[in-house]
Structure formats: structure tokens, C-alpha cells
1. In segment 62-107, which residues are out of contact with any Phe, Trp or Tyr (no Cβ under 8 Å at 6 or more places or on another chain) and of a type in the set (A, V, I, L, M)?
2. Going residue by residue through segment 176-183, is there one that turns out to be without any contact (Cβ under 8 Å) to a residue 24 or more places away in the chain and not in a loop (DSSP other than H, G, I, E, B)?
3. Among the listed residues 196, 222, which satisfies the condition of being closer than 24 Å to residue 144 by Cβ and among the acidic types (Asp, Glu)?
4. Among the helices (runs of 4 or more DSSP H) lying completely within segment 1-105, list those that include at least 1 residues that are over 27 Å from residue 230 (Cα atoms).
5. Restricting attention to segment 98-120, which residues are touching a Leu at 6+ places or on another chain (Cβ under 7 Å) and surrounded by 19 or more Cβ atoms within 10 Å (Cβ to Cβ)?
6. Kindly indicate which of 161, 172 is surrounded by 18 or more Cβ atoms within 10 Å (Cβ to Cβ) and closer than 12 Å to residue 127 by Cα.
7. Only residues in segment 216-239 that are under 18 Å from residue 152 (Cβ atoms) count as the first member; pair them with residues that are assigned to a helix (DSSP H, G or I), Cβ under 7 angstrom, at least 6 apart or cross-chain, and list the lot.
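Values quoted throughout were computed directly from the atomic coordinates according to the rules given, and no laboratory measurement underlies them. Just so it is clear, the model here is predicted, and its values are computed rather than measured. Don't worry about glycine lacking a Cβ; one is built from the backbone with ideal geometry, like all the others, and counts go over all protein chains shown.
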Amino acid sequence: MILGAQLYTLRNQCKTLEDFSETLKKVAQIGYTAVQVSGVCPYEGEWLAEELKKNGLTAPLTHTAFREITEQTEETLKKHKAFGCRRIGLGSAPGGTTDETFPGFLQAITPAAKYFAKNGAKFYYHNHWKEFVRSKEDGRYFMEKLCDAFSPEELGIVLDTYWVQFAGGDPTTWIRALKGRVDCVHFKDMVYGEKEHRMCPVGEGNLNWTGILQACKESGTEYIFVEQDDCYGEDPFECLARSYRFLASFGLK
């Protein structure tokens, strides 16, 4: 499995192309060999291809705006192909997943997902906690309903370990349940503060990383992307470095 950094963690360090370039350099210096492009400034695919090459990085996955995916589908695919990326991800469904919003979301996203699948790419969906709410219509989780709507060739799931745990689920169970769709997984740890959940560097919280890593191995995970949405005033580069050192102790790189 390849260890990558989710650039959403560093979104405040990627607001200009100059800063984005410097951030890629620093991420590579930590030891990461891949990045997920998310929350960054506007960029051209060719520009990113050169920056990745310069730093010995790959970008096998993005989070891309919903309207770009649904309304600029061909252009979005062309841009991704320019920097060698075939996984086109969405951070969340607009309006969340509810019985009222879910049908409209499926109607909007299905043509793009099928277009990507027919043209050498694939649509990926990243969960938060709402996907693990049960539908009032049939009692099933929205994550299950989403997967039922697409074949594994049309839909991958970027499973976020923190949000599964936050929703009361077991990340290891869901990684195994989604085998064939979870070639990319977000590693995000959870620590319990006073009356609140907090994100923290991987290995400094309470998630079962030995079990999660084993489930990933069994389920065909290819890329692990470390993410920390909120560093609570700490240097996000340092947080990513601590996560990297912890996961490197398992032989990942």
C-alpha cells in the first residue's frame, strides 16, 4: 500500500500556485510519495503534472467540485488525464444523504459516473457520518443504497475511518464490507476530549490501526491518504509528519 497525504489538510497552504508548489515540495520531504488533490487553488492539469514529476509524487485521486463533475464532465476527465489521474472523487453529496435529497443526487451524478467508467476513469465518493444514517423508507444505510446504484467499476468509496467511527460504525467492518471499492482509504484518527471528538495525527488517538491496516490488506486497498481536517492550531505539516512516522513503523511508505 502506498502512503499519501490528503491535501485538504494543507488547504490553507495551497491558496496560490506558488504556495501549492512549495507545499508539494514539503510533503515529499516528509516522505509521502502520493497526494490527493483537494481544497487547493485553481490549477491546470499540465502544470500539476510538472510539479508532481519535479517532486517525485503521484496524484492518483482528487476531490472535485460537484458541478465540475456533473456539468463539465468531459473537461474534468481531460484535466485529470493530464496529470495521470483516473480516480475522480467527490467530497460529499450536496445537501447530504437523506430520503429527500438522495434520489436527486443519484440522478445528477449517474451520467458522469458512467461516462468516466466508459473512458478509462472512475468516480469515487468520500463519506462523512450521514452516509451511515438509515433510510426511513427501507431501513438501509445510505452507504448501502449508494453502492447498490453503481457497479464496482463505476463507483469507488474513499472510506474515511474517522467519520465511520464518529457515526458509531466499525471501520474494519466497513472496509471489509466494501471490498472491491476501497482501493483508496482516508486514515484519520479520533481522540476523545472533554465532551467532544477531535481529530489528531494517526496513531495518537483511539482507532484500531492494526485492525484497520489488516482489513485494508484483505480488501485490496492500494492507497492510504492521511487526512486531518482540523489541526487545532498545530502546524499541519508537523501533524502529517507525525502520522507518517507512525504509519512508516508498519512498513508503509
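1. Correct list: 65, 82, 106.
2. Among the residues of segment 176-183, at least one is without any contact (Cβ under 8 Å) to a residue 24 or more places away in the chain and not in a loop (DSSP other than H, G, I, E, B), which makes the answer yes.
3. On the way: 196 fails: closer than 24 Å to residue 144 by Cβ.
Exactly one of 196, 222 is closer than 24 Å to residue 144 by Cβ and among the acidic types (Asp, Glu), namely 222.
4. 45-55, 66-71, 73-82
5. Within segment 98-120, the subset touching a Leu at 6+ places or on another chain (Cβ under 7 Å) is 113, 116, 119.
If the condition is that a residue be touching a Leu at 6+ places or on another chain (Cβ under 7 Å) and surrounded by 19 or more Cβ atoms within 10 Å (Cβ to Cβ), then 113, 116 are the ones that fit.
6. Values: 172 fails: closer than 12 Å to residue 127 by Cα.
Every option except 161 fails the conditions.
7. Short answer, once both residue conditions are applied: 216/175; 218/176; 219/175; 219/176.
Here is a yes/no grid of residues against (1) of a type outside the set (S, T, N, Q); (2) under 22 Å from residue 76 (Cβ atoms):
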residue: 115; (1), (2): yes, yes
residue: 118; (1), (2): yes, yes
residue: 124; (1), (2): yes, yes
residue: 131; (1), (2): yes, no
residue: 137; (1), (2): yes, no
residue: 144; (1), (2): yes, no
residue: 156; (1), (2): yes, yes
residue: 165; (1), (2): no, no
